[in-house]
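Engineer: Have a look at the structure that comes next, please.
The values are calculated or read from the model by the stated rules, or taken from the named source; none is laboratory data. Since we're looking at a predicted model, the values are computed, not measured. Neighbour counts are summed over all protein chains in view; Cβ atoms, including those assigned to glycine, are modelled from backbone coordinates with ideal geometry. Remember, those area values only see protein heavy atoms, side chains included, never the ligands or the DNA or RNA. Shrake-Rupley method; radii C 1.70, N 1.55, O 1.52, S 1.80 Å.
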Amino acid sequence: YSGGERYEPDAIGYATSLDGISWQRVGDGPVLRPDPASGWERERVAGAHVFAHDGSLYAAYIGFANGFEDSAIGIARSADGIHWQRHAGNPVLVRGNAGEFDSINVYKPFVIVEGDLWRLWYNASAPRAGTDTSHDNRIEQVGHAQCRFAFQPVPDGLHTPGGSAP
């Protein structure tokens with residue numbers, strides 16, 4: 001789950017439930033926090049879609065820099081849902097160029113894995129008209145991206161690079 005500040009989340013937590021009604025937090029704090037040394041997720045992480053694949057847990061999550069106006073999507077892997085390792089090619093999806101349907105933001109990822117093909121659906125926003133990016137002139141849409149993907153961990157002691165990955 002996403003949690004943190006009063007109005008907007010800034011980290012990802014983990015909770016379990018036996019009945020879907022009563023939930024217990026796992027650990028003493030967030031399991032995935034922003035990486036201040038990373039250009040793309042230095043301010044906050046949120047909105048994780050966690051799924052099992054090939055004996056590991058994966059999280060497709062949103063990273064934010066420069067407030068909420070600079071978002072991207074990354075992937076992390078975990079054996080236990082508590083300790084996460086980021087993909088070396090993060091972010092895996094960045095916002096589009098001016099004029100594209102996802103030119104303002106990309107967020108709320110959902111992934112389905114079919115063999116080595118990873119299919120990602122995500123929310124996106126763009127100006128309704130012109131170049132005005134104010135909230136009153138935004139349209140929300142759903143995008144789809146896919147790639148052949150093999151998780152590559154970030155080497156110990158290094159931070160996630162800022163470039164995009166295939």
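Engineer: Roughly speaking, what is the stretch gain from S17 to A98, that is 0.36 nm per residue apart minus the C-alpha to C-alpha distance, in nm to one decimal? Walk me through the intermediate numbers first.
Structural biologist: Numbers: separation 81, 0.36 × 81 = 29.16 nm, distance 4.32 nm.
That works out to 24.8 nm of additional length.
Engineer: Using the Cα atoms of the range 51-97, I'd like the radius of gyration and the largest Cα-Cα distance, Dmax, both in angstrom.
Structural biologist: Computed over the Cα atoms of the range 51-97, radius of gyration and Dmax are 12.1, 37 Å.
Engineer: In the neighborhood of I82, defined by Cβ-to-Cβ distances under 12 Å, what is the net charge if each Lys or Arg adds +1 and each Asp or Glu adds -1? Intermediate results must be reported in sequence, preceding the final value.
Structural biologist: Working: positive: R25; negative: D28, D80.
Every neighbour counted, the sum reads -1.
Engineer: To the nearest 10 square angstrom, how much accessible area does F151 have with a 1.4 angstrom probe?
Structural biologist: Accessible area of F151: about 20 Å².
Engineer: Also: Using only alpha carbons, build the gyration tensor for the chain and give me the equivalent ellipsoid semi-axes, biggest first, whole Å. Could the numbers behind the result be given before it?
Structural biologist: Working: eigenvalues 131, 72, 53 Å².
Over the Cα atoms of the chain, the semi-axes work out to 26, 19, 16 Å.
Engineer: Starting from the eigenvalues of the Cα gyration tensor, five times each then square-rooted, give me the equivalent ellipsoid semi-axes of the range 61-130, largest first, whole Å.
Structural biologist: Details: eigenvalues 127, 43, 17 Å².
Equivalent ellipsoid of the range 61-130: 25, 15, 9 Å, largest first.
Engineer: Sorted from largest down, give the three principal axis spans of the alpha carbons of the range 10-102, whole angstrom values.
Structural biologist: 46, 29, 27
Engineer: What accessible area, in Å² to the nearest ten, does a 1.4 Å probe give for L32?
Structural biologist: Here the accessible area works out near 10 Å².
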